[in-house]
Amino acid sequence: MNIVTAATEAAGIAKAGGLADVVSALNKEWAAKGHNIIIILPKYRYLDCPEGNFQPTDITLIVPMGKWTEFAQLWQGTLPETNIPVYLIEHNVYFDRNEIYGESKEYPDNDRRFIFFSRAIMETCKALNFRPDVIHAHDFHTAFTMAFLKTHYHNEPLFNKTAGVYTIHNLAYQGKFDPINSLTYAGFDREAFYIGSWFEQFGVVNAMKVGIMFADKITTVSPTYSKEIRLDYYSEGLRDELNIRAADLIGILNGPDYGVWSPSIDHFIYKKYSAVSLEDKKINKHELLKDFGLSNQDNLDKPLFGMVTRLTEQKGIDLIIEVLEKFIANGDMRIILLGSGDHKYVSFFNYMNEKYPKDVLIRIGYDNSLSHRIFAASDYYLMPSRYEPCGLTQLYALKYGTIPIVRLTGGLADTVEEYNEERLSGTGYTFFGYKSDELEFAIKRALSIYLKEPLWNSVRMNCMNKNFTSEESAKKYIEVFNWASESK
Ligand code: ADP
Ligand code: GLC
């Protein structure tokens, strides 16, 4: 199949969260199966790979923006350590910035930046004479490609067999745009905007809704989340739209790229290990603690809880705030957190770190290599999310034999099963109600088996033996692409 991936992130090139991991993992699988794929991304100021990985082509894209046109240079390269073609769209006014989405808050011109990018994706296909069977758009940033496919490009021979598939990674980020400006950028008349139109939601243009309504098929990143978002509580105001499209909405669980996220091959960690050398996990724990300034006098064997996360309301940090100090003050556990995000959460962890410098270890910021070392070093992984479309970090934790403690929502409910001491089955500790006493109880259950054999090793082995492969996930996407193409 000819597949275009329209996204703002891909691991190895530009990453802000799990979206990047999924884009890269899926494309690697499709390439391995012989599909003809291209990934199109913006050319940001900072790339996670050497800039030399990309060369300018002689193609200048001419991108219609409402009543005027803009120009962009097309760059070409590959996804690191693969032959998968990646095209970068260079438009320095939009993308030569410090961040992908914004600095402390969203860039105010994100409507214009991402509508431009979406239109440039269509023009890239034309310039390359690439005839897609499917355009696979991820999240609201590229949602307008779904509308372009059905409108401005509908009669172009290049796209007459192209299906549009839209994947929702996180319904909370919708792209709520000023109607007059955004429709002008996208080349639609004002008449296209009225209450209930496919562009309109609560008086503004809603890019997420555009993707949901115009796509041939819609996917989201776990089966449970695909059901949850049809309920008021999880729908972020789009319940009716998601129910209207329910017959075309499918949940496909994300699969990690185990070629990157496995302790037996991970070159970021102190000592590689596997299920047969699980005792080496402890070396990772001790070395990381020492790197954080602890010494042998500091009881390095205290239970260590890890977190690698965006510090947002989504991730259930409010529950952690309510319970953490009890455990720390009692000397029951130590926590190591790598994260960045909301000021109030950063302040909380800074405060705890000042008060308990040996037991609340924090690194505020983004650090890929440290993230790997935290998964390898920690005994437990805390993820009490308020909602979680899929979540990748609990999947990484499982593979590293790090026992997840999660709230049963979205992908967490699909991937972590409560440990059963009698049957020695299950992979973690779970709770359902978004309540701190439920989290507290789950942590207590988890601590009760710490180093207690045969339970301790059995749960860790169960974790490591779980496989949620990206191969499986990539296969399901192809089924959806075929299904979407049937109507063409
Ligand atoms: P989300 O996409 O909602 O942030 P996921 O669990 O799907 O959550 O994916 C998060 C990804 O981002 C993981 O690969 C995780 O390791 C990574 N990550 C999150 N915060 C950081 C950070 N501060 N430093 C390095 N990696 C991070
Ligand atoms: C989003 C979600 C996360 C998911 C990721 C990749 O950022 O918050 O749950 O794992 O996308 O699909």
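The values are calculated or read from the model by the stated rules, or taken from the named source; none is laboratory data. In this text the structure is predicted, and so the values were computed from the model without any measurement. As a convention, Cβ positions derive from the backbone with ideal geometry for all residues, glycine included, and neighbour counts pool all protein chains shown. What goes into the accessible areas is simple: the full protein's heavy atoms, side chains included, and nothing from ligands, DNA or RNA. Shrake-Rupley method; radii C 1.70, N 1.55, O 1.52, S 1.80 Å.
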DSSP-loop GluC sites (Glu not before Pro) across segment 282-330, with at most 14 other Cβ within 10 angstrom: none
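For the chain, what is the accessible area per residue in Å² when the probe is 1.4 Å?
Accessible surface, normalised per residue, equals 39 Å².
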Nonlocal amide H pairs with I250, under 5 Å, H built at 1.01 Å: I218, T219, T220
Globularity index of segment 431-470, i.e. its alpha-carbon radius of gyration over 2.2 N^0.38 Å: 1.47
Whole-Hz couplings from phi, Karplus 6.51/-1.76/1.60, listed for segment 132-144; x for Gly and Pro: x, 6, 8, 9, 9, 9, 10, 6, 5, 4, 10, 4, 5
Electrostatic dipole magnitude of segment 319-451 [Cβ: Lys, Arg +1; Asp, Glu -1; Cα centre; debye, to 20]: 300
Contact order relative to length of segment 360-408, as percent, for alpha carbon pairs under 8 angstrom and 6 or more apart: 41
Projected-area mean, segment 16-110, by convex hull of Cα positions, square nanometres: 7.4
Derived scalar couplings ³J(HN,Hα) [segment 425-437; Karplus, 6.51 cos²θ - 1.76 cosθ + 1.60; whole Hz; x for Gly, Pro]: 10, x, 10, x, 10, 9, 8, 10, x, 7, 9, 5, 5
Computed Rg/Rh of the chain, alpha carbon atoms with Kirkwood Rh: 0.98
Compactness of segment 31-172 as Cα Rg over 2.2 N^0.38 Å, two decimals: 1.03
Length-normalised contact order for the chain - Cα pairs under 8 Å, 6+ apart - percent: 13
GluC sites (Glu not before Pro) restricted to DSSP loop in segment 401-475 with at most 10 other C-beta within 10 Å: E422
In segment 1-76, trypsin sites (Lys or Arg not before Pro) in a DSSP loop with at most 10 other beta-carbon atoms within 10 Å: K67
With DNA, RNA and ligands ignored, accessible area of D133 (1.4 Å probe; Å², nearest 10): 50
Convex hull of segment 258-337 built on C-alpha atoms - directionally averaged projected area, nm²: 6.8
Amide H contacts under 5 Å for H169, placed H, 5+ residues apart: D139
Karplus (6.51, -1.76, 1.60) ³J(HN,Hα), θ = phi - 60°, over segment 338-354, in Hz, Gly and Pro reported as x: 10, x, 8, x, 4, 3, 5, 6, 4, 4, 4, 5, 4, 4, 5, 5, 5
Partners for K105 among lysines (Cα-Cα distance below 28 Å; same-chain residues under 8 apart left out): K15, K43, K176, K209, K315, K344
Approximate shape of segment 102-143 as ellipsoid semi-axes (Cα gyration tensor, √5λ), whole Å, largest first: 25, 11, 6
Shape parameters for segment 324-473, alpha-carbon atoms, Rg then Dmax in Å: 15.2, 46
Helix 455-465 vs. the chain, principal-axis angle (Cα, 0 to 90°, nearest 10): 20
16 Å cut-off, amide nitrogen to a point 7 angstrom out along F202 Cα→Cβ, residues in segment 153-174: 171-174
Per residue Cα convex hull volume in Å³ - calculated over segment 383-457: 77
Overall Cα dimensions of segment 154-267, principal axis frame, Å, largest first: 58, 40, 29
Cα-Cα over 26 Å, subset of K290/K399; K227/K444; K67/K488; K399/K435; K285/K476: K227/K444; K67/K488; K399/K435; K285/K476
Percent carbon-and-sulfur accessible area, segment 333-464, ignoring ligands, DNA and RNA, probe 1.4 Å: 54
